[in-house]
Structures are given as C-alpha cells and as structure tokens.
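Right, one structure below, let's go through it.
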Amino acid sequence: MLTKSNVISVQIRKVFYPFIIARDSNGHYLYLNLNMAERKDTVFWEIMLKIAEADLWLPIDKDSYQLLEYDWLEV
C-alpha cells in the first residue's frame, strides 16, 4: 500500500531578503515560508545563495512550503 507523501522537491531560483523563490519539478514557482529564526540568520541566507548557485534540489513540505528539518531518508 502506497502512502502519499507531503514532501516535494524544489530548486531555489531567487534569494532576496526576506523572500526565497523556488521552482518545483513541474516548473511551478512558489515562495518559501520562513520562520523568524531563518529570517534573522545571516548564515542561513548565505547558504541559500550557495544552494541556488549550485542548483541543488531541496525537500519541502508541499502544504506549508517550509523547508524540512530532516533529509529525504527520514521521509
């Protein structure tokens, strides 16, 4: 029996404070919902810029559009 996952993969396309725009595997663009700690963390913003430059795929929750605190293997 297959269960439907609430996780989708996205690529970070644009990083500009206080917004991050990502593209999902279907080509749809969305704004990531960031918590207050992420918004205030300067290292977080530097990392997001580097991830965007590398075109890496990240897992996010498809209902809340929030980054996951764990990786793909725990889903």
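Each value in this text was obtained by applying a stated rule to the coordinates, not by laboratory testing. None of the values given here were measured: they were computed from a predicted structure. Quick reminder, even Gly has a Cβ in these numbers, built from the backbone with ideal geometry, and neighbours come from all protein chains shown.
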Could you run through the stretch 1-47 and say how many residues are more than 19 Å from Leu68 (Cβ to Cβ) and part of a helix (DSSP H, G or I)? 3
Are there any pairs with C-beta distances below 6 angstrom linking a residue in the stretch 34-48 that is under 19 Å from Lys14 (Cβ atoms) to a residue that is in a helix (DSSP H, G or I) and of a type outside the set (D, E, K, R), with the two at least 6 apart or on different chains, and if so which? Glu38/Phe44
